[in-house]
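Heads up, the thing below is written out as structure tokens.
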Amino acid sequence: MLYSVRMRAAQGAAHEDGGRHISGAERLVKQSQIGTIVQDMLGRAFSHTRGQADYINISVEAVLRESIRRVPLPPVSTFAARNIAASRNAACAALVSAGVTAQAVENGLKHLLELQDSMRGAMLICSETGKRRDTTGMRGIRVSRMDIDNEGAFNCWLEQQGLNNVHTREALVLAAKVASAPGIVAEICLSDDPEYTTGYVASAQGYLRLTNLKPYGSPRGGRVFFVSADSDITALKAYLEKQPVLVTIPARKEED
Ligand code: WAQ
Ligand code: MG
């Protein structure tokens, strides 16, 4: 048996009562790891750079091993952009090459950049028209019940590429699950942590990190999942929220 451990922290009030989103985390772990992970999540919620959390919800739920799906990590690359304009141009180009129309890219980015504060989850946007397809408003759809299959190997793999930071680690796992979902074309993400300016565009083909995707100090972040025009939104939402997924790292190349 594995356990889905989820945390969400808000300021002023609970999320459902209009509180401001501070942070969240999703893990899928063995029972013996739950204590450490809950402790770690509490520490994160209480020391987040977005502000002081007043309301923290942590839930633990059993997940049958038979229900778990394994999906691969997409290949990772980084574009070191000189400035925000160059970074956003590269993001738009990557989305278009993943199959999102120019109009949908423009509309999707508009939705993202017009947010007054972060959402807790992601928006679903049609990859042809750019129209919003989910009905979750400012809450968004929260991807859950996922983790890395082999944490030790993952950390080594990240270390070798100079990528072992908590943002990349968590974002890669989320992006791998999202890319495996039915009807997903591509994703764009901006961190809501004021000091973390690197974002990414991901699809099943790859995960492109983009430095300088937002201004330093901005607490406004978010995610847009671009979906195919004919995608079944109910099935997609169920997969993103409920399907347990363990992400596998690429097989190791033989060392010389
Ligand atoms: N499901 C759906 N949306 C989410 C989830 C989730 N589990 N977690 C976060 N979001 C949305 C939500 O709107 C947040 O405001 C937004 O994404 C940003 O979340 O490789 O730190 O956790 O160096 O702040 C990118 C890493 C880091 C790039 C992204 O996202 C790299 C990051 P954050
Ligand atoms: Mg954040």
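If you go through the range 43-62 and pick out every residue that is hydroxyl-bearing (Ser, Thr, Tyr), buried (at least 16 other Cβ atoms within 10 Å of the Cβ) and touching a Pro at 6+ places or on another chain (Cβ under 8 Å), you end up with 0. Remark: pairs (first residue in the range 136-160, in contact (Cβ under 8 Å) with a residue 12 or more places away in the chain and among the acidic types (Asp, Glu); second residue crowded, with 16+ Cβ neighbours inside 10 Å and in a loop (DSSP other than H, G, I, E, B); Cβ separation under 8 Å; 6+ apart in sequence or on different chains) = ASP149/ILE249. In the range 137-180, of all residues being more than 17 Å from PRO250 (Cβ to Cβ) and out of contact with any strand residue (DSSP E or B) (no Cβ under 8 Å at 6 or more places or on another chain), the one that is nearest to ligand 2 (Cβ to nearest atom) corresponds to HIS167. Candidates in the range 17-31 are the residues that are under 21 Å from the mean Cα position of the chain (by Cα) and away from ligand 2 (no atom under 16 Å from the Cβ); of these, the one that is nearest to ALA176 (Cα to Cα) is LEU28. Would you tally the residues in the range 14-38 being in a helix (DSSP H, G or I) and under 20 Å from ALA62 (Cβ atoms)? Total meeting the criteria: 8. Counting just the residues of the range 140-158 that are at pLDDT 95 or above and of a type in the set (D, E, K, R), which one comes out nearest to SER23 (Cα to Cα)? Looking at the filtered set, the residue picked out is ARG142. No other residue among VAL63, VAL96 is in contact with a helix residue (DSSP H, G or I) (Cβ under 9 Å, 6 or more places away or on another chain) and aliphatic (A, V, I, L, M) apart from VAL96. Please verify whether the range 217-235 includes one or more residues that are farther than 22 Å from ALA93 by Cα and either among the hydrophobic types (A, V, I, L, M, F, W, C) or in a strand (DSSP E or B) (or both). For the range 217-235, residues farther than 22 Å from ALA93 by Cα and either among the hydrophobic types (A, V, I, L, M, F, W, C) or in a strand (DSSP E or B) (or both): present.
Is there a residue being among the charged types (D, E, K, R) and in contact with a strand residue (DSSP E or B) (Cβ under 8 Å, 6 or more places away or on another chain) anywhere in the range 231-245? Yes, the range 231-245 contains a residue that is among the charged types (D, E, K, R) and in contact with a strand residue (DSSP E or B) (Cβ under 8 Å, 6 or more places away or on another chain).
Condition first: within 6 Å of ligand 1 (Cβ to nearest atom) and polar (S, T, N, Q). Now tell me which residues in the range 187-209 satisfy that.
Our first condition is that a residue be within 6 Å of ligand 1 (Cβ to nearest atom); within the range 187-209, this holds for 189, 191-193, 196, 198-200, 209.
Those that are within 6 Å of ligand 1 (Cβ to nearest atom) and polar (S, T, N, Q): SER191, THR198.
Taking the criterion of being surrounded by fewer than 24 Cβ atoms within 10 Å (Cβ to Cβ) and assigned to a loop (DSSP other than H, G, I, E, B), the residues of the range 199-213 that qualify are ALA204, GLN205, THR211, ASN212. Within the range 104-150, which residues are of a type in the set (A, V, I, L, M, F, W, C) and more than 19 Å from the chain's Cα centre (by Cα)? Once the filter is applied, which keeps residues that are of a type in the set (A, V, I, L, M, F, W, C) and more than 19 Å from the chain's Cα centre (by Cα), the range 104-150 yields only ALA104.
The residues listed here are TYR196, TYR216; of these, the one that is surrounded by fewer than 23 Cβ atoms within 10 Å (Cβ to Cβ), more than 15 Å from the chain's Cα centre (by Cα), within 16 Å of ligand 2 (Cβ to nearest atom) and of a type in the set (Phe, Trp, Tyr) is TYR216. A count restricted to the range 61-103 and to residues that are more than 20 Å from the chain's Cα centre (by Cα) and either under 30 Å from ALA25 (Cβ atoms) or touching a residue at least 60 places away in the same chain (Cβ under 8 Å) (or both) stands at 13.
The values are calculated or read from the model by the stated rules, or taken from the named source; none is laboratory data. Note that the coordinates shown come from a computational prediction; the quantities given were computed from them, not determined experimentally. Please note: Cβ atoms are built from the backbone with ideal geometry, for glycine as well, and neighbour counts cover all protein chains shown.
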